[in-house]
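A short worksheet on the structure shown next.
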Amino acid sequence: MFSILRSLWITFLHMFHKRVTIEYPEEKAPLPPRWRGRIVLTRDPDDMERCVGCYLCAAACPVDCISLQATEDENGRRYPEFFRINFSRCIFCGYCEDACPTYAIQLIPDFEMGEYNRQNLVYEKEDLLIAGQGKYHGYNYYREAGVDVGVKGKGEGINEDKPVDVRKLMP
Amino acid sequence: MNETLKLSLIAIAILLVLVTIAAGLIWVERRMLAAWQDRYGPNRVGTFGILQVAADMIKIFFKEDWIPPFADKSVFILAPAIVMTTILLSFSIIPFAPGILVADLNIGLLFFFAMSSLGAYSVVLGGWASNNKYSLLGAVRGSAQMISYEIFMGLSLMGVVIMAGSFNLTDIVLAQKNVWFFIPQFLGFVIFFIAGIAETHRLPFDIPEAESELIAGYHTEYSGMKFGMFFIGEYLGITLISALITTLFFGGWLGFGFLPPVVWFLIKMFAFILFFVLLRASLPRPRYDQLMSLGWKILLPLSFLNLLVTGALVLYFQ
Ligand code: SF4
Ligand code: SF4
């Protein structure tokens with residue numbers, strides 16, 4: 001009996017408490033920099049596409065919403081011919097970002113992607129590719145390692161040893 | 001002729017004001033619930049969100065008005081009409097101010113009891129006609145709750161009737177000139193209030209609808225404006241119980257001068273409506289058997305006691 005009156009009174013006092021609501025379009029909630037929102041494809045410091053079309057992101061995606069097709073340019077550098085993310089299925093888990101070996105695919109703090117037409121949520125490569133490097137600066141996969149695609153000579157990568165002459169490799 | 005015209009105008013005005021109040025209460029309730037839960041509630045449509053009601057109305061009118069193929073069609077349509085009709089009819093006996101009332105019945109209070117008993121039919125028929133097990137469970141609970149609470153709802157008011165010496169609500173208000181009845185009849189007031197909550201099946205006694213157990217109870221299958229009627233009916237019920245408490249225990253339109261009587265009436269009525277909302281914001285729902293045993297084992301004997309003591313005292317001082 002007393003506890004009923006007490007809870008009535010406590011509830012009543014809540015009228016004078018501060019409201020927890022954030023009135024969204026006027027007031028925005030602060031998003032942390034590692035917020036997992038809209039997905040972008042970034043470029044390396046030389047302004048080339050980072051993505052090497054390895055399909056790891058598509059394989060990692062739990063809802064299978066990434067679709068891409070890899071191809072090569074005249075130097076043998078791999079890049080995606082098309083790269084499509086269906087954001088009406090994406091659950092923003094960030095697995096694709098974890099899987100990517102080249103920091104190409106990144107999730108950024110932006111969630112305002114509302115559309116009236118569902119088809120507009122399917123983003124093509126032109127919509128995804130941005131001009132900058134995203135969250136990870138200064139990384140260029142082809143300068144670190146890998147084959148010669150016109151970026152560096154064989155064995156001249158930053159963390160790479162000179163190639164070994166197999167004929168001199170005697171025990 | 002002129003007199004008839006005036007009376008019909010008053011009746012129509014009361015009807016319109018009541019329906020508007022009941023619709024506006026949806027907004028009031030949402031705002032107040034939000035205030036008591038540290039939120040804002042609907043505040044976008046119009047000033048302070050007051051046009052939310054209009055938006056909701058437009059929406060509910062355009063909803064598909066679906067009658068399930070397995071339902072008992074005529075009864076299904078009849079049920080929501082009953083709740084509106086009986087509650088609106090009950091309002092006809094309430095004196096909002098001297099001269100502003102529909103029917104000055106000499107058995108006004110009995111008329112209210114008759115109408116609220118009929119109101120139980122809307123729950124029973126709605127649940128039965130839906131042909132759905134959740135609806136049926138809700139209807140069974142609803143009818144049991146309403147019938148058992150009706151009994152001491154009546155008994156709790158007999159103290160007021162004894163003190164005023166009349167069933168006529170205008171006489172009851174006038175008998176409170178010196179002291180409002182909630183002081184001598186405090187027990188009766190508390191019992192009537194609890195019974196009133198159960199009668200309108202509002203939280204914490206919303207056991208017939210209990211969303212967490214029965215989806216929406218007896219109106220699970222209802223949609224569109226038929227659901228709207230149940231909804232408005234619930235708010236009309238709150239308004240009715242608040243108006244009755246004001247009339248019977250808090251001196252009706254009697255105030256302290258400086259404001260017209262009808263304003264006093266509305267102020268008191270809204271205070272009780274807000275209390276209904278506060279109850280909803282703070283109390284959990286009891287179990288069904290707890291509700292029944294509270295009714296039969298505690299409140300019924302208490303209201304008998306109240307009746308006996310009041311009767312004895314009135315006889316003694318006569
Ligand atoms: S965030 Fe998750 S769901 Fe979205 S594309 Fe990446 S892996 Fe798929
Ligand atoms: S994991 Fe990275 S590099 Fe591989 S296809 Fe996806 S975005 Fe391109």
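The values are calculated or read from the model by the stated rules, or taken from the named source; none is laboratory data. No experiment lies behind these values; they were computed from the predicted model shown. Methodologically, a virtual Cβ is constructed for each residue, glycine included, from the backbone with ideal geometry; neighbour enumeration extends over all protein chains shown. These area figures cover heavy atoms from the full protein model, side chains too; ligands, DNA and RNA do not enter into them. Shrake-Rupley method; radii C 1.70, N 1.55, O 1.52, S 1.80 Å.
For the reader, a short list of remarks on this structure follows.
- The accessible-area ordering, largest first, of the residues A:Leu5, B:Leu136, A:Leu68 stands as A:Leu5, B:Leu136, A:Leu68, per a 1.4 angstrom probe.
- Cα gyration tensor category, rounded, prolate or oblate, for the protein assembly as shown with a/c compared to 1.5: prolate
- Rounded to the nearest 20, the Cβ-based charge dipole of the range A:15-171 about its Cα centre (Lys and Arg +1, Asp and Glu -1) stands at 480 debye.
- Note on exposure: A:Arg89, A:Arg167 ranked by accessible area (1.4 Å probe, complete protein assembly) read A:Arg167, A:Arg89, with the most exposed listed first.
- Peptides A:24-30, B:276-282 ranked from most to least packed by the mean count of surrounding Cβ atoms within 10 Å: B:276-282, A:24-30.
- Per-residue SASA entry for B:Ile267, accessible area with 1.4 Å probe, Å² rounded to 10: 80
- Lys/Arg +1, Asp/Glu -1 at C-beta; the protein assembly as shown dipole; positive extreme among A:Phe83, B:Asn106, B:Trp27: B:Asn106
- One quarter of the convex hull surface built on the alpha carbon atoms of the range B:221-318 amounts to 10.4 nm², the projected area averaged over directions.
- Selection from A:Val147, B:Gly46, A:Thr102, by position along the positive dipole direction of the protein assembly as shown (Cβ): B:Gly46
- Cα-based shape type of chain A, given that a ≥ b ≥ c are square roots of the gyration tensor eigenvalues and the cut on a/c is 1.5: prolate
- In Å², nearest 10: area of A:Lys162 left accessible to a 1.4 Å probe: 130
- Accessible area of A:Met170 (1.4 Å probe, protein heavy atoms only, ligands and nucleic acids ignored): about 150 Å².
- Dipole in debye (nearest 20) - the range B:159-318, about Cα centre, beta carbon charges: Lys, Arg +1; Asp, Glu -1: 380
- Dipole orientation for the range B:182-281: of the candidates B:Trp264, B:Phe189, B:Thr247, B:Trp264 has the Cα lying most toward the positive pole (charges on Cβ; Lys, Arg +1; Asp, Glu -1).
- Cα gyration tensor category, rounded, prolate or oblate, for the range A:71-121 with a/c compared to 1.5: oblate
- Here's the list of lysines a cross-link from B:Lys226 could span, going by alpha-carbon distance under 30 Å and ignoring same-chain residues fewer than 8 apart: B:Lys59, B:Lys63, B:Lys73, B:Lys133.
- Theoretical ellipticity at 222 nm over the protein assembly as shown - DSSP helices of four or more residues, -39500 (n - 2.57) apiece, nearest 500: -16500 deg cm²/dmol
- Accessible-area order (highest first, 1.4 angstrom probe) of the listed residues B:Lys226, B:Lys63, A:Lys135: B:Lys63, A:Lys135, B:Lys226
- Average beta-carbon neighbours from other chains, 10 Å sphere, peptide B:279-286: 3
- Normalised contact order of chain A, rounded percent, pairs of Cα under 8 Å and 6 or more residues apart: 24
- Extension gain, B:Ile151 back to B:Ala54 (0.36 nm per residue minus Cα-Cα distance, nm): 31.1 nm
- For the range B:306-315, backbone phi angles converted through the Karplus equation (6.51, -1.76, 1.60; θ = phi - 60°) give residue-by-residue couplings of 4, 4, 4, 5, 4, x, 4, 5, 5, 5 Hz, Gly and Pro being listed as x.
- Averaging the sequence gap over all C-alpha pairs within less than 8 Å and six or more residues apart, then dividing by the number of residues, gives chain B a relative contact order of 23 percent.
- Dipole magnitude (debye, nearest 20) for the range B:35-125, charges at Cβ of Lys, Arg, Asp, Glu: 200
- Note on A:His137 and A:Trp9: the extension gain reaches 40.5 nm, defined as 0.36 nm multiplied by sequence separation minus the Cα-Cα distance.
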